[in-house]
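The values are calculated or read from the model by the stated rules, or taken from the named source; none is laboratory data. Quick caveat, the model's predicted, so the values are computed rather than measured. Glycine gets a Cβ as well: all are built from the backbone with ideal geometry, and neighbour counts include every protein chain shown. The area values use the complete protein model at the heavy-atom level, side chains included, leaving out ligands, DNA and RNA. Shrake-Rupley method; radii C 1.70, N 1.55, O 1.52, S 1.80 Å.
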Amino acid sequence: MAKTDYYELLGVGKDADAATLKKAFRKKAMEFHPDRNPDNPEAEKKFKEFGEAYDVLKDPDKRAAYDRYGHAAFENGMGGPGGGAGAGGFDFSDVFEEFFGDFMGGGRRGGRRGPARGSDLRFNMEISLEDAYNGKTDQITIPTSVSCEPCSGSGAEPGSSPEACSTCGGAGKVRANQGFFMVERTCPSCQGNGQIITNPCKVCRGAGKVQKEKTLQVKIPKGVEEGTRIRLSGEGEAGANGAPSGDLYIFLTIKPHVLFKRDADLLFCQVPIPMATATLGGNIEVPTIEGKRARIKIPAGTQSGRQFRLKGKGMPELNGGFVGDMIIETQVETPVNLTKRQKELMEEFAAEGGDTVSPQSEGFFTKVKELWDDLTE
């Protein structure tokens, strides 16, 4: 029976590039994988056919021979360029190791896995808004695991050394044939380390690390925001048996401020002003995040909610020279606890038509009157 054309089998054109071929093969292989089709005796046969087609077309020399001679290029003992040991002259272990490499720990190309890298650590740190403005260097103490000093992290008693695992030969993984292709697993004897410690260190008991509190200096740059993450490379937990340490990640939170609210590089501050100042105008002083004061001129007739912008009095940009602005929002205070004379003055003010010089209330009640007139018509 004539064999199906390899291009037709994979569903690609003769001009298909390497990426297209691999994508087509992946799709077909996943669809007809024997484990997914246990009740379909034809699935394994088709699965092998796809592997054979991909093995030829992914190799430039084999593909050139196939394009010229067709299936005859690999029949009658010709073997074709680079013929392997698999069914039909093709090395299926290479094909499926390339395809399933991610699931088998990287295949032969991955090399020995070795001891595991140490775990990353997280530390939550709260700072003030002033700290975020100025930047600071602070000390933190964290409980962690560090490399064992007596054995230098190897896990073996000083004067001895780990031995290569006899099960995996130091590779850290073992292979097993399943059907027509190879599956790799972590070595059960050495847990992927590739080494066995026969004489463990008495201090760390072979772990290569011990528990200890560690004090670190943390530099917080100017302009950091809520949720900023600072990474300290190699300051996480020590790795097993001399493997590299993990990293330490410091997550910053900024305490609420009693005066200022922040929005990126802008600062907002609500400032109460006396009614007389709002009415007649004047000057007020407001605080700034840098610990100084700034003077603002209040125009006569200023209302609550009016905003004034102070250039360069906001928050600095992270790792940059730009500084944002501060927005001052006025809140006009109503006088309380008036003296008898102050009340008399207010009554005189009202008698002189004080209500007519309040534009917002006058406009509001004008709109109410118009609304009621419309409803009664």
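Okay, here's what the table says:
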item	result
Residue check for Glu329: assigned to a loop (DSSP other than H, G, I, E, B) and open to solvent by less than 80 Å² (accessible area, probe 1.4 Å)	no
Single residue of the range 54-75 satisfying the filter (at pLDDT 85 or above and not in a helix (DSSP H, G or I)) that is nearest to Ala24 (Cα to Cα)	Lys58
The range 27-42: number of residues that are free of Cβ contacts under 8 Å to residues at least 60 places away in the same chain and within 14 Å of Leu9 (Cα to Cα)	4
Residue check, Phe268 open to solvent by 30 Å² or more (accessible area, probe 1.4 Å) and at pLDDT 95 or above	yes
Selected residue (only one of Thr215, Thr167 is open to solvent by 40 Å² or more (accessible area, probe 1.4 Å) and in contact with a Pro (Cβ under 9 Å, 6 or more places away or on another chain))	Thr167
The range 288-311, residues that are loosely packed, with under 15 Cβ neighbours inside 10 Å and outside any loop (DSSP other than H, G, I, E, B)	Arg293, Arg295, Lys297, Gln307, Arg309
Output for the range 224-264, where each listed residue is under 20 Å from the mean Cα position of the chain (by Cα), of a type in the set (Gly, Ala, Ser) and surrounded by 16 or more Cβ atoms within 10 Å (Cβ to Cβ)	Gly236, Ser245, Gly246
Failed criterion for Asn319 (all others in (1) modelled with pLDDT under 90; (2) buried (at least 16 other Cβ atoms within 10 Å of the Cβ); (3) at positive phi hold)	(2)
Glu348 of a type in the set (Asp, Glu) and either modelled with pLDDT of 90 or more or within 28 Å of Asp131 (Cβ to Cβ) (or both)	no
Some residue of the range 123-130 being open to solvent by less than 80 Å² (accessible area, probe 1.4 Å), in contact (Cβ under 8 Å) with a residue 60 or more places away in the chain, polar (S, T, N, Q) and touching an Asp or Glu at 6+ places or on another chain (Cβ under 9 Å)	no
Which numbered condition Ile196 misses (of (1) within 30 Å of Phe47 (Cα to Cα); (2) at pLDDT 80 or above; (3) among the aliphatic types (A, V, I, L, M))	(1)
Members of the range 278-287 that are in contact (Cβ under 8 Å) with a residue 24 or more places away in the chain and open to solvent by less than 40 Å² (accessible area, probe 1.4 Å)	Ala278, Val286
Thr253 being in contact with an Asp or Glu (Cβ under 9 Å, 6 or more places away or on another chain) and of a type in the set (Val, Ile, Thr)	yes
Qualifying strands (runs of 3 or more DSSP E) (wholly inside the range 138-246; at least 2 residues being within 30 Å of Phe50 (Cβ to Cβ))	173-178, 181-186
Residue check, Ala43 closer than 23 Å to Arg175 by Cα, aliphatic (A, V, I, L, M) and either modelled with pLDDT under 85 or surrounded by 15 or more Cβ atoms within 10 Å (Cβ to Cβ) (or both)	no
Residue check, Gly314 within 34 Å of the chain's Cα centre (by Cα) and either surrounded by fewer than 11 Cβ atoms within 10 Å (Cβ to Cβ) or in a helix (DSSP H, G or I) (or both)	no
